[in-house]
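First up is the structure itself, then whatever we jot down about it.
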Amino acid sequence: MGNRAGFTLGELAETLRATLEGDPTRIVTGVETLDAAGPEHVAFLIDPRYAKSAAASRAGAFLAGPDAAGLPGPVLRTAKPQQALIRLLLLFHPPPAAAPGVDPTAVVAADARVDPTAAVGPLAVVESGAVLGPRVRVHAFAFVGARAEVGEDSVLHPRVVLCAGVRLGRRVIVHAGAVVGADGFGYAFDGEAHRKIPQVGGVLIEDDVEIGANTTIDRATLGNTVVRRGTKIDNLVQIAHNVEIGEHSIVVAQVGIAGSSRIGRGVILAGQVGVADHLTVGDGAVVLAQSGLARDVAPGEKVFGTPARPVLRAKRLFTLEEQLPEIVRRLRQAERRLERLEGQLGLAGPERTKGDDAR
Amino acid sequence: MGNRAGFTLGELAETLRATLEGDPTRIVTGVETLDAAGPEHVAFLIDPRYAKSAAASRAGAFLAGPDAAGLPGPVLRTAKPQQALIRLLLLFHPPPAAAPGVDPTAVVAADARVDPTAAVGPLAVVESGAVLGPRVRVHAFAFVGARAEVGEDSVLHPRVVLCAGVRLGRRVIVHAGAVVGADGFGYAFDGEAHRKIPQVGGVLIEDDVEIGANTTIDRATLGNTVVRRGTKIDNLVQIAHNVEIGEHSIVVAQVGIAGSSRIGRGVILAGQVGVADHLTVGDGAVVLAQSGLARDVAPGEKVFGTPARPVLRAKRLFTLEEQLPEIVRRLRQAERRLERLEGQLGLAGPERTKGDDAR
Amino acid sequence: MGNRAGFTLGELAETLRATLEGDPTRIVTGVETLDAAGPEHVAFLIDPRYAKSAAASRAGAFLAGPDAAGLPGPVLRTAKPQQALIRLLLLFHPPPAAAPGVDPTAVVAADARVDPTAAVGPLAVVESGAVLGPRVRVHAFAFVGARAEVGEDSVLHPRVVLCAGVRLGRRVIVHAGAVVGADGFGYAFDGEAHRKIPQVGGVLIEDDVEIGANTTIDRATLGNTVVRRGTKIDNLVQIAHNVEIGEHSIVVAQVGIAGSSRIGRGVILAGQVGVADHLTVGDGAVVLAQSGLARDVAPGEKVFGTPARPVLRAKRLFTLEEQLPEIVRRLRQAERRLERLEGQLGLAGPERTKGDDAR
């Protein structure tokens, strides 16, 4: 992939506000990784661990931070190389433009309010009373339920389901297959059967949230399930009824958050983490992969394991577990030494009493 | 949300068969939680842990059990407040009625048998020989494969897939994106490649089962994958070929059950639990969150961990693990004391023999 | 289910290249398990653990390997009974034929290249520049994005999403709800917010791969996410950007593989396994269910646990953990014996010094 015509390094330096070390007339036609890049590509060195790959790279130019040295070609140097990389990728891969308007095969209710700048793809369904804001893109097979609202510049990828009444802010991206607003999992057992508790609340997704493919976010029993501004959610995540996730948090793939839990701001839940119901995870907390939370996590705390412990403690105990064979060996030896000493002193061995038993 | 006109407390008392303590002419227009309720709402106190929130609530009335005291407003008192809450929610939020009939954009095979009272939504597909019973609702994009059968009053939410031949009982609810009847994961390695074992069995879902969003239930290799009456399955659950789940069980989000395992009646599998293949989980067993089963679980047993242990034992071992640093310290000290005693008695230290090694 | 007319055992012996022990004119009309089979069925004994069920089976005939004895009926004997079972199942359950051609309700871009032998089902969408090879079957609601390519004899089940530019080899099977090519989960935090890193790479799925229902495989940031020939992926699996999986591997349900990890050839990742990012899992490695990988796994290694350990070591430590109560009891007793000995010798007890602390 890449832009056919390409850009000169001079143009790139200007667009990225980078300092160019090299020939400004040289042309590159695409971005590639250090290993894959050829003379026609610009590559990037952001993580210093890849300095060796960079030194061996055949790239025609390099995007790099202030300290990177030893690069075998022209350098576009910038204080914030990661942000510059984002601009560079968008330059070579501009998002496809969507023509405004409703595809003739889409089924849009007469009383839905679709902004004239919005684009509704083939075979999409927009139900009664739904609202699509300016420049919203609704792709094929997406379903916007009755009274659901989608804020400006948001994107619903193919086959997204927004159930009735769900509200999305601006610039929200929902990937293929995600379901927002299905019923929460709530029942009352009456002695005979589990009776369904009607789930009559809503879902509120704030601005700049991204929701991964086939992820599920349930509607609240009452009130709202809430995902606050700037939070990013990966694929196959489960967010139960009445959960609230704070701003700018990261929820990695296959995480599950049970009902009514509160996740703070700037939290990281790594892959496959489970959070039990009615818990609070404080701002800035980090929960390592596959951990299971059964208690609250304090702000800034970093935890690991099931049930989760502070990460340093968890690692120490993991190491001590490794020593269990040695511990048992040493204990057995101490018992033998005791026996020898007791024999020496003419003492009988230990009597076993019931109270000794630690069980 | 809520009913505009509202109900008088007298009307509610009658409908809920509750005893009213307060003014029967007072009007409430919606149900809310204790914290969110205003004077126009009825709130509920079911779990006594929320007594404090109840005492501070601004709600116009309270639904409560026989023992609740100190409520700052009129009380609708009932022996079974949870069941009354369900009726109350349905009163204020009646399920939307679906007009019977097939949407003109749906694609229904000529030889499918659709009951005249069933409702088939826009862009749904019903294939050859499929049967939709009375009052069945098939929402947009739902797919009912060839010869699949859906019992009366069942609901297929948008984008549900029922593969060929799958059978659903009555009052079954399938949430958006669930896939029932995809091929089981079965292969035979012939020395060169994994050869697919044709999955020619079916899926049988009995009455009153609920299936969560994006959950997958595979068809059997031969025979049937079975989910019995009244069992509730949450989102993103994986149920493999030839699994059988008994009546009135609860399967929480992201659980995975491997091939041919038998889950009993009234079992609870908490979030992210994994069950290996060909296991039996007895009636009434409880498996705590994230546990991994590699052996059978006895009826009524409560287990935790990977591999799972009886929960009391698992908790005790978890606590003892915490003591590992202290155990190592005490062991080291005992060894020093032994050394001192041996010195005192003029005995040499322990000889290390190979047989000592516990590894 | 089963073929009405049935086959004679003589016909079956010939087709399966099996030796028949019994009457070649006997007719069977279907395949069943040992327990479910009646006189009209052929059953199979492949795993010797089921010899008892076989002895009690009412089946009209048995498919079995060279060593099986004591079968109460005619036997179709073959050196490779598992491969013969596959042929037998296909004989009684031939895959439904799909009529070539594009359903009139499908939406196919004018410049998509659909082979005349391909079948595109109702309400499918094939976007601009997409390529469907010979005999490809695209079922209802499947979405083939712009420029995506599907090799000959591949099958897209209902509601599959192939995002723009994704490439599938030959004989690939993608089950309902799978999403191939959604954006990878990549952001750069700029001090204020997580900025999306454009995901401009692709996905390459080689020949004979099978992808489970509601599984997600993300596109690469740059380059390709790759699944090599013959690998089988179960339901609800998450494969992140730039992952590469080797040939003939098995990825069981709900596994998650984080960004840029390399899984070798012939690897088995059991259910719910998590693989952290940038790891390497060597050829032929086996990772047991629910394990969490935080380090590389060597070729052929078999590991278990979170974090994962070699499986024998993990099992030994699990057993030793069980002994912790006994270890603590023995340690306490040793301390009492020490006290007695020290008293006997007129020695004071141990002084506690800070350096003693093992922390």
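The values are calculated or read from the model by the stated rules, or taken from the named source; none is laboratory data. Keep in mind the model is a prediction, meaning the values are calculated, not measured. We place every Cβ from the backbone using ideal geometry, glycine too, and count neighbours over all the protein chains shown. Areas reflect the complete protein model, heavy atoms only, side chains present, ligands, DNA and RNA absent. Shrake-Rupley method; radii C 1.70, N 1.55, O 1.52, S 1.80 Å.
Among all positions in the range A:318-335, there is at least one residue which is more than 10 Å from chain B (Cβ to nearest Cβ), closer than 17 Å to B:Leu320 by Cβ and modelled with pLDDT of 85 or more.
Has the range A:255-271 got at least one residue that is under 13 Å from the mean Cα position of the chain (by Cα) and more than 30 Å from B:Ala36 (Cβ to Cβ)? Checking the range A:255-271: at least one residue is under 13 Å from the mean Cα position of the chain (by Cα) and more than 30 Å from B:Ala36 (Cβ to Cβ). Within the range A:93-110, residues that are more than 9 Å from chain C (Cβ to nearest Cβ) have Cβ atoms under 7 Å from residues that are β-branched (Val, Ile, Thr) and surrounded by fewer than 17 Cβ atoms within 10 Å (Cβ to Cβ) in these pairs: A:Pro100/A:Thr117, counting only partners at least 6 apart in sequence or on another chain. Looking only at the range A:297-314, residues that are closer than 26 Å to B:Ala270 by Cα and assigned to a helix (DSSP H, G or I) come to 2 in all. Within the range A:218-250, the set of residues being more than 9 Å from chain C (Cβ to nearest Cβ) and among the basic types (Lys, Arg) comprises A:Arg219, A:Arg228.
Under the condition of being open to solvent by 40 Å² or more (accessible area, probe 1.4 Å), within 10 Å of another protein chain (Cβ to nearest Cβ) and closer than 17 Å to B:Ala98 by Cα, the residues counted in the range B:114-156 number 1. Residues of the range A:82-97 that are assigned to a loop (DSSP other than H, G, I, E, B) and of a type in the set (A, V, I, L, M): A:Ala97 alone. Against the definition (within 14 Å of another protein chain (Cβ to nearest Cβ), assigned to a helix (DSSP H, G or I) and touching a Ser or Thr at 6+ places or on another chain (Cβ under 8 Å)), how does C:Leu63 come out, yes or no? Criteria not met by C:Leu63. Restricted to the range A:82-94, and to residues there that are open to solvent by 30 Å² or more (accessible area, probe 1.4 Å) and in contact with a helix residue (DSSP H, G or I) (Cβ under 7 Å, 6 or more places away or on another chain), the residue that is farthest from A:Gly65 (Cα to Cα) is A:Leu91. Is at least one residue of the range B:219-226 in a loop (DSSP other than H, G, I, E, B), under 22 Å from the mean Cα position of the chain (by Cα), at pLDDT 95 or above and not small (Gly, Ala, Ser)? Looking for residues that are in a loop (DSSP other than H, G, I, E, B), under 22 Å from the mean Cα position of the chain (by Cα), at pLDDT 95 or above and not small (Gly, Ala, Ser), one finds at least one in the range B:219-226, hence yes. The number of residues in the range A:157-172 that are under 20 Å from A:Ala98 (Cα atoms) and open to solvent by 40 Å² or more (accessible area, probe 1.4 Å) comes to 3.
Scanning the range C:192-217 for residues that are open to solvent by 30 Å² or more (accessible area, probe 1.4 Å) and within 14 Å of chain B (Cβ to nearest Cβ) yields a total of 2.
In the set A:Gly60, A:Gly70, A:Gly22, which member is on the phi > 0 side of the Ramachandran plot and in contact with a Leu (Cβ under 9 Å, 6 or more places away or on another chain)? None of the other options fit; the residue is A:Gly22. Filtered by the rule that a residue be among the β-branched types (Val, Ile, Thr) and either at positive phi or open to solvent by 50 Å² or more (accessible area, probe 1.4 Å) (or both), the range B:297-306 gives a lone residue, B:Thr306. In the set A:Gly349, A:Gly355, only one residue is part of a helix (DSSP H, G or I), at pLDDT below 85, more than 7 Å from chain C (Cβ to nearest Cβ) and more than 30 Å from C:Arg313 (Cα to Cα); that residue is A:Gly355. Enumerate the pairs (first residue in the range C:270-287 and away from chain B (no Cβ under 14 Å) and of a type in the set (S, T, N, Q); second residue anywhere and crowded, with 18+ Cβ neighbours inside 10 Å and assigned to a strand (DSSP E or B)) with beta-carbon separation below 6 Å, excluding pairs fewer than 6 apart on the same chain, so at least 6 apart or on different chains. Taking only residues 6 or more apart or on different chains, the pairs are C:Thr280/C:Arg262. Among the criteria (1) closer than 30 Å to C:Ala188 by Cβ; (2) in a loop (DSSP other than H, G, I, E, B); (3) in contact with a strand residue (DSSP E or B) (Cβ under 8 Å, 6 or more places away or on another chain), the one A:Leu204 does not fulfil is (2).
On the basis of being part of a helix (DSSP H, G or I) and either open to solvent by 30 Å² or more (accessible area, probe 1.4 Å) or modelled with pLDDT under 95 (or both), does C:Glu339 make the cut? In short, yes. Checked against (1) open to solvent by 10 Å² or more (accessible area, probe 1.4 Å); (2) at the interface with another protein chain (Cβ under 9 Å from one of its Cβ atoms); (3) part of a loop (DSSP other than H, G, I, E, B), A:Ala176 passes all but condition (1). Scanning the range A:10-42 for residues that are of a type in the set (D, E, K, R) and not in a loop (DSSP other than H, G, I, E, B), we see that the one that is nearest to A:Phe92 (Cα to Cα) is A:Glu11. Just one of the listed residues (A:Ala79, A:Ala69) is under 23 Å from C:Gly186 (Cα atoms), open to solvent by 60 Å² or more (accessible area, probe 1.4 Å) and not in a helix (DSSP H, G or I), and it is A:Ala79. Every condition in (1) more than 10 Å from chain C (Cβ to nearest Cβ); (2) small (Gly, Ala, Ser); (3) without any contact (Cβ under 8 Å) to a residue 24 or more places away in the chain; (4) surrounded by 24 or more Cβ atoms within 10 Å (Cβ to Cβ) holds for B:Ala258 except the one numbered (1). Does B:Phe185 fit the bill of being touching a residue at least 60 places away in the same chain (Cβ under 8 Å), in a loop (DSSP other than H, G, I, E, B), of a type in the set (Phe, Trp, Tyr) and facing another protein chain (nearest Cβ under 10 Å)? In short, yes. The residues listed here are A:Arg195, A:Arg159; of these, the one that is in contact with a Phe, Trp or Tyr (Cβ under 9 Å, 6 or more places away or on another chain) and not in a loop (DSSP other than H, G, I, E, B) is A:Arg195. Take the conditions (1) within 24 Å of B:Thr319 (Cα to Cα); (2) in contact with a strand residue (DSSP E or B) (Cβ under 8 Å, 6 or more places away or on another chain); (3) buried (at least 21 other Cβ atoms within 10 Å of the Cβ); C:Arg309 misses just one of them, which is (3). For C:Gly165, the requirement of being outside any loop (DSSP other than H, G, I, E, B) and within 14 Å of chain A (Cβ to nearest Cβ) is not met.
Inspect all residues belonging to the range C:32-43 and state whether any of them is away from chain B (no Cβ under 14 Å), closer than 19 Å to B:Pro198 by Cβ and within 33 Å of the chain's Cα centre (by Cα). No, every residue in the range C:32-43 fails to be away from chain B (no Cβ under 14 Å), closer than 19 Å to B:Pro198 by Cβ and within 33 Å of the chain's Cα centre (by Cα). Exactly one residue out of B:His248, B:His278 is open to solvent by 50 Å² or more (accessible area, probe 1.4 Å) and either in contact with a strand residue (DSSP E or B) (Cβ under 6 Å, 6 or more places away or on another chain) or assigned to a loop (DSSP other than H, G, I, E, B) (or both), and it is B:His278.
Criterion applied to A:Pro66, A:Pro95, A:Pro74, A:Pro122 was being touching a Gly at 6+ places or on another chain (Cβ under 9 Å) and of a type outside the set (Phe, Trp, Tyr), and the one residue passing it is A:Pro74.
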